[in-house]
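Read through the structure below, which is laid out as structure tokens, and then see the notes.
The values are calculated or read from the model by the stated rules, or taken from the named source; none is laboratory data. Here the structure is a predicted model, which is why all the values come from computation and not from measurement. Cβ sites come from the backbone with ideal geometry, for glycine too, and all protein chains shown count toward neighbours.
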Amino acid sequence: PGVSPVADGPVLPAPTVPTFPDVPPALDGPERRPPRRALLLGLGIGGGVLAAGGTVAAVVVRRRRRTSAGASSDGKSPGATASGAAQAVDRPTGADVKEGVLSWKTSPPESCSQALAAGDLVVGVGEGTLTAFDRHGTAAWTFDGRAAGLILAITRIPGRRAVLDGGLLYTGATRMAAVTEAGQPAVSTTTVLLAVDPATGKEVWRAETEGFRTAGVLQVLGVRAGRAYLFGLGDGTGKAAGGHVWAVDLAARRTAWFRGLDGYALFGALPPEGDRLLVGGEKTVQGLDRDGRTAWSRDTALAGFGAVGGRFLTVVDGVLSALDASTGEPVWTVPGVLPTTGGSGNAVAASEDGALLFCQLKDSDGGSSLGTLDAATGAVRRRTPLPREPDQGLPAVARLQCADGNVYRLGADAVLWALDPADGRPRWKFTGLRGTDPQNLSWTAGGGRVCLADRSAGTVASLFANGA
């Protein structure tokens with residue numbers, strides 16, 4: 001009921017007992033693959049409201065190494081001579097940048113795969129529970145999904161599990177029920193969208209993919225124009241290797257459309273403007289229209305993705321492209337952009353008004369600069385050399401977010417930097433997670449805070465956006 005037909009999707013038979021595919025190895029492996037082949041999880045820029053609004057005073061770093069921080073407005077790589085030979089870059093060390101201070105850190109009974117700010121609370125999402133923490137890190141409420149027969153998240157896979165929009169917290173879940181199939185006991189599963197009151201933890205309503213054979217939720221992509229979008233396991237027919245995209249009408253509290261896929265939906269982007277959706281797997285990316293039909297498709301492996309305005313953003317072989325959402329054709333391109341990998345953060349972050357994009361541009365000395373781009377044209381307005389990261393023996397990648405007047409960057413050594421978007425200079429850094437594999441960290445910026453969930457240590461922590 002409530003399902004809009006999808007002309008180019010699979011024909012769905014009556015629901016029967018689903019199979020439970022193993023998590024694809026590429027989704028669960030360590031961060032050791034070349035970025036171009038990395039399978040990307042997480043959400044595109046601007047894919048729904050992350051947290052309740054808030055403002056924060058900017059912290060000005062009093063001691064500067066230079067007046068210009070090596071910034072260049074011509075888009076050229078710092079340290080390059082006219083012949084292209086590498087020269088030393090006047091690169092800051094970050095040693096004079098103030099240390100950020102945790103508001104609190106706690107070890108909940110269940111490991112969380114995401115934490116996000118919700119007003120005065122921080123909500124952590126685990127496999128069986130939602131737990132809200134107050135300003136002291138003390139549990140304010142707990143929603144027990146297991147008691148309702150629900151699995152809320154696959155905690156070992158990075159990705160967004162919940163978003164805030166319109167005063168409600170939306171999270172995906174899988175409802176499991178015992179059934180009898182051909183005289184044998186079996187398990188039936190249904191993908192669920194839960195709407196929870198973030199102040200009390202009470203369930204407000206739920207929607208289900210009735211009639212489709214699904215086997216779990218990978219992530220909640222976001223909310224736009226009264227619809228929530230989710231990625232999950234199972235193509236609706238019970239095929240073990242398939243995935244799906246599910247659009248839910250929030251007003252009607254029922255399915256707007258369901259699209260089964262031949263492979264897994266590993267990453268996606270939801271432009272805040274327009275009605276298109278970017279969906280990609282290991283080797284294919286496609287744009288879907290408002291009814292879930294394929295508007296365009298191409299065979300490519302992305303190493304970065306997102307959206308700004310009404311355009312998609314992709315990174316392929318170090319080239320950042322802004323794509324027309326209707327046709328998939330590039331509007332502008334910028335070379336020399338660092339890719340990203342699975343986990344929180346992305347290769348590109350958009351300013352809160354959507355006018356600017358931030359990325360990491362490769363420098364000739366092997367380091368990188370924070371690049372500030374015009375979102376409309378791709379013109380490089382500024383590039384500011386960043387402190388060099390320790391050599392991890394892995395390809396350099398970017399992990400960026402933008403919120404509360406900061407550009408956040410998570411390094412390969414798990415040091416979190418808050419940068420001034422006006423000049424790219426560090427405002428503060430937090431080194432308390434140094435040495436942690438960033439693949440095990442989920443971090444969400446917004447609502448005046450940065451919320452951190454360390455799946456390896458089983459902790460949840462919070463910092464204010466001013467680092468104090």
Filter region 299-347 for residues that are at pLDDT below 95 and among the acidic types (Asp, Glu); the one that is nearest to residue 441 (Cα to Cα) is 317
Residue 282 passes all but one of the listed conditions (1) touching a residue at least 24 places away in the same chain (Cβ under 8 Å); (2) over 28 Å from residue 395 (Cβ atoms); (3) acidic (Asp, Glu); the exception is number (2)
By residue number, the members of region 335-365 that are in contact with a Lys or Arg (Cβ under 8 Å, 6 or more places away or on another chain) and either among the β-branched types (Val, Ile, Thr) or without any contact (Cβ under 8 Å) to a residue 24 or more places away in the chain (or both) are 337, 340, 341
Is it the case that residue 435 is more than 19 Å from the chain's Cα centre (by Cα) and on the phi > 0 side of the Ramachandran plot? yes
Counting only residues that are assigned to a strand (DSSP E or B) and among the small types (Gly, Ala, Ser), region 267-317 contains a total of 8
Of 222, 211, 201, the only residue that is part of a loop (DSSP other than H, G, I, E, B), over 14 Å from residue 175 (Cβ atoms) and either out of contact with any Pro (no Cβ under 8 Å at 6 or more places or on another chain) or not hydrophobic (A, V, I, L, M, F, W, C) (or both) is 201
*asked:* Take residue 448 and tell me if it is closer than 19 Å to residue 163 by Cβ and surrounded by fewer than 23 Cβ atoms within 10 Å (Cβ to Cβ).
replied: yes
Yes or no: residue 366 modelled with pLDDT under 95 and surrounded by fewer than 22 Cβ atoms within 10 Å (Cβ to Cβ)?
-> yes
In region 143-172, anything over 30 Å from residue 341 (Cα atoms), of a type outside the set (A, V, I, L, M) and surrounded by fewer than 17 Cβ atoms within 10 Å (Cβ to Cβ) is listed as 144, 146, 149, 166, 167
Reported set for region 185-215 where residues are at pLDDT below 85 and of a type in the set (Gly, Ala, Ser) is 186, 188, 211, 215
- Item | Filter result for residue 88 (out of contact with any His (no Cβ under 6 Å at 6 or more places or on another chain), of a type in the set (Gly, Ala, Ser), assigned to a strand (DSSP E or B) and touching a residue at least 12 places away in the same chain (Cβ under 8 Å)) | no
Expected single match for of a type in the set (A, V, I, L, M, F, W, C) and within 15 Å of the chain's Cα centre (by Cα) among 379, 422, 412, 350 is 350
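Every residue, every condition in (1) closer than 27 Å to residue 268 by Cβ; (2) assigned to a strand (DSSP E or B); (3) modelled with pLDDT of 95 or more; (4) of a type outside the set (A, V, I, L, M), yes or no:
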| residue | (1), (2), (3), (4) |
| --- | --- |
| 97 | no, no, yes, no |
| 102 | no, no, yes, no |
| 113 | yes, yes, no, yes |
| 117 | yes, yes, yes, no |
| 124 | yes, yes, yes, yes |
| 140 | no, yes, yes, no |
| 143 | yes, yes, yes, yes |
| 159 | yes, no, no, yes |
| 163 | yes, yes, yes, no |
_Given the criteria under 27 Å from residue 233 (Cβ atoms) and modelled with pLDDT of 90 or more, does residue 276 qualify?_
yes
